[in-house]
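Structure first, commentary second.
Values in this text are rule-based calculations from the coordinates and carry no lab data. Keep in mind that what you see is a predicted model, and the values were worked out from it rather than measured. Cβ coordinates were reconstructed from backbone atoms using ideal geometry, including for glycine residues, and neighbour counts include every protein chain displayed.
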Amino acid sequence: MPSRAGPVQSEWPAVYTDRVATSPVKALLMTSEFPPAGFPAVRPRRLRSSPLVRDLVRETELSVRDFILPLFVKPGTGVRHEITSMPGNYQLSPDTLVDEIGAAADLGVKAFILFGIPPTKDATGSSALSDEGIVQQALRAVRKAFRQDVLLMTDECFCEYTSHGHCGILHEVNGRTDVDNDATLDILVKQCVSHAKAGADVVAPSGMMDGMVAAIRRGLDSAGYTHVPILSYASKYASGFYGPFRDAAESPPQFGDRTTYQMDPANGDEAMREVALDVAEGADMVMVKPALSYLDIIHRVKSRFSLPVAAYNVSGEFAMVKAAAKNGWIDERKVTLEILTSIKRAGADMILTYHARDAARWLS
Ligand code: PBG
């Protein structure tokens, strides 16, 4: 009679029994009736054999609660202008934004990040600071309609508001035009305070200015907004994947690029340093952006820092899926859910994604 623990060791092929005992545990395994670690005793397919067993052992589960939907708001009423490269996403006015948020909330999407497209732009992005600015108006309208039933985040940056399309105030250094870090911090703080005052639940600075989190925390606290968290775009790369967004937000740089402030896609250690600094400065949550080409960074950040990590599944990532699906080259639903799951599996606690509405439908 074989024992209840399984066949005795001598019945296993030599390849499993000819092991050298290099530790007491291994020695025990070799002398006991413990099955050897490998095929044929071990068959991973057993736990894939039916949908119900797969449901039991699944390690990562996407939820509509993971999603943050980015939305674009511009002045006017009744505006609903589809963004060509981002099918299903629109430039909206405050009234249609309220409708859009209501429809998304009905699907279970409750968190939003707002981007503003102002009526006029200037060198310092001054319309971003006005309490009557477009994002401020939108915040008040949405807050009035939905109270605390939705979470409103605001992107804190100047590229949409400046005539030159860079993320802050410019100056010249050694004959080269660049964003003036410290001058930009002053207006960034004002923008955040104005958004908090208008009802933002979370501020999310995205300009990659050094010291931005510390400056914003001080500014919010001294204005009485100690309760407003900062989600820092801590490691944001100078990426080619932002193309469609820049059409949507009408924010492409009018000259040069963003490589003097956004990170080099080749760097990983630098992302750890950026995140460490933002955490030290008081960031409540940190973001990795983009998501798909940076899953290793998401994983490293989540492993190293014990705080919530967001990943931005950016416009170019979204547009590629939509374009391929439209051509019939991929299964949109399967690919989208696989992408979102991979971002979560890598370590993201929350995902900013233009797929939020579709994914919410598919998950329900
Ligand atoms: C900057 C900002 C950008 C995105 C979010 N915030 C654009 C940029 O850095 O040029 C891109 C998001 C996307 O591509 O979906 N305000």
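How large is Rg over Rh for the range 253-364, taking Rg from the Cα atoms and Rh as the Kirkwood inverse mean of 1/r across Cα pairs?
On the way: Rg = 15.5 Å, Rh = 15.2 Å.
Result: Rg/Rh = 1.01.
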Percent of alpha-carbon pairs separated by more than 28 Å within the range 136-294: 20
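Past the 27 Å Cα-Cα mark, which pairs from 190/289; 110/144; 121/326? The partial results should precede the final answer.
On the way: 190/289 24 Å; 110/144 15 Å; 121/326 35 Å.
The answer is 121/326.
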Degrees, to the nearest 10: 295-304 long Cα axis against longest axis of the chain: 80
Residues 289, 110, sorted so that the one with the fewest Cβ neighbours within 10 Å comes first: 110, 289
Helix-derived mean residue ellipticity, 222 nm - over the chain, DSSP H n ≥ 4, -39500 (n - 2.57), to 500: -11500 deg cm²/dmol
Förster-model FRET efficiency, 25 Å R0, residue 186 and residue 270, C-beta, rounded to 0.05: 0.45
Restricting the range 291-364 to chymotrypsin sites (Phe, Trp or Tyr not before Pro) in coil, as DSSP defines it, with at most 11 other Cβ within 10 Å: 329
Acute angle (nearest 10 degrees) that the helix 134-146 long axis makes with the longest principal axis of the chain, alpha-carbon atoms: 60
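Could you please report the charge total around residue 350, scoring K, R as +1 and D, E as -1 over all other residues with beta-carbon less than 13 angstrom from its beta-carbon? Kindly include the intermediate steps, with their values, before the conclusion.
Details: positive: 65, 110, 289, 302, 344; negative: 66, 284, 349.
In short, +2.
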Rounded to 5, percent antiparallel among DSSP beta bridges of the chain: 20
Cα radius of gyration and Dmax for the chain (Å): 25.0, 88
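By counting other Cβ atoms within 10 Å of each Cβ, how are 296, 264 ranked from fewest to most?
Working: 296 13, 264 10.
Going from least to most buried by this count: 264, 296.
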Virtual spin-label span in nm between residue 329 and residue 147, 7 Å along Cα→Cβ: 4.8
Proximal aspartates and glutamates relative to residue 302, as straight alpha-carbon distance under 19 Å, when same-chain residues fewer than 8 apart are discounted: 59, 61, 66, 269, 270, 274, 278, 281, 284, 349
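Report the calculated FRET efficiency for residue 172 and residue 307 (r = Cβ-Cβ distance, R0 = 51 Å), to the nearest 0.05.
0.85
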